[in-house]
Amino acid sequence: MMSLAELGQRLPKHLSQWSRELHAASTVTRLCPYLLAAICDRESRGGLALKPPGPGGTGDFGHGRGLMQVDDRYHAGFVGATDSADRALWCLPAFNILYGAQLLRSYLGTLKDVHLALAAYNAGVGKVRRAADAITVGGDTAKLMAQRRSAADSLTSGGDYGRDVLRRRAQWAPAEAPLEG
């Protein structure tokens, strides 16, 4: 397991401020903390791209909530959750990052592939499954999987969500860091 100190040192400043939350969510979900940081970077630039900037900001025309940009149209229970003082929990970095990590973990359990699970984080499991399952011929297993991943990514914002998140992760993660564990 990656140490909290090492995680904070390897991430850029706009993400390292969330190292504690990323590390905790990684521990709970058994996902690479750099993978979670890469999603946070793609979704909100660590909160910098939100209105207002920070963990309580929104994006996607007000539908994306917090650092991990959880969509209020599909996660009403998450968005509606409050503490005893009636403050929205989605604004709390630890709650937001953990929820996003749990979503990715559930998509990975369903789709059995990190790249497909990342595409599902952005485009939804149903769309990604249909796109990937439509690719049934195309050479050897590796080539077929690459085609399935490309079909899934084509449905995402920018047409490259899975590929881009994995590229971001590779910038910070040690070469030996597993995606899961």
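The numbers here are math on the coordinates, done by the rules we state, and not lab data. This structure is a prediction, so every number in the text was calculated from the model and none was measured. Note: ideal-geometry Cβ built from the backbone for every residue, glycine included; neighbour counts use all protein chains shown.
For log10 I(q)/I(0) by the Debye sum over Cα atoms at q = 0.13, 0.19, 0.20 Å⁻¹, computed directly from the structure shown, the correct entry in [x] -0.64, -1.59, -1.80; [y] -0.72, -1.45, -1.57; [z] -0.63, -1.28, -1.38 is [z]. For segment 131-146, putting each phi into the Karplus relation 6.51 cos²θ - 1.76 cosθ + 1.60 with θ = phi - 60° gives couplings of 5, 5, 5, 6, 8, 10, 10, x, x, 6, 4, 5, 5, 4, 5, 4 Hz, in residue order, rounded to whole numbers and with x for Gly and Pro. The alpha carbons of segment 49-114 occupy a box of 37, 28, 20 Å along the principal axes, longest dimension given first. Computed from Cα atoms, the angle from the helix 114-123 axis to the main principal axis of the chain rounds to 60 degrees.
Note on the chain: dipole from Cβ charges, positive end direction compared against Ala177, Ile97, Pro53; the farthest Cα belongs to Ala177. Comparing Lys143, Lys13, Lys112 in a Gaussian network model of the chain where C-alpha atoms under 10 Å apart are linked, the largest mean-square fluctuation is found at Lys143.
To the nearest 20 debye, what is the magnitude of the charge dipole of segment 61-126 about its Cα centre, counting +1 on the Cβ of each Lys and Arg and -1 on the Cβ of each Asp and Glu? Can you show the working numbers first?
Working: 5 positive and 5 negative charges, 25 e Å.
Taking the Cα centre of segment 61-126 as origin, the dipole is about 120 debye.
Listing Arg87, Arg73, Arg148, Arg129 from fewest to most neighbouring C-beta atoms within 10 Å gives Arg73, Arg87, Arg129, Arg148.
Sorted fewest first by neighbouring Cβ atoms within 10 angstrom, Val125, Val165 come out as Val125, Val165. Residues in segment 13-26 carry Karplus couplings, in order, of 3, 5, 9, 4, 4, 9, 4, 4, 5, 5, 5, 5, 5, 4 Hz; the curve used is 6.51 cos²θ - 1.76 cosθ + 1.60 with θ = phi - 60°, and Gly or Pro positions show x.
Relative to the compact globular guide of 2.2 N^0.38 Å, what is the alpha carbon radius of gyration of segment 99-181, as a ratio?
Computed over Cα atoms of segment 99-181, the ratio equals 1.07.
Residue-wise HN-Hα couplings along segment 41-46, as the Karplus relation 6.51 cos²θ - 1.76 cosθ + 1.60 with θ = phi - 60° gives them from phi, are 5, 5, 6, 9, 6, x Hz; Gly and Pro carry x.
Could you list Cys91, Cys40, Cys32 so that the one with the fewest beta carbons within 10 Å of its beta carbon is first and the one with the most is last? Could you put the intermediate results ahead of the total?
Details: Cys91 17, Cys40 30, Cys32 20.
The most exposed by this proxy come first: Cys91, Cys32, Cys40.
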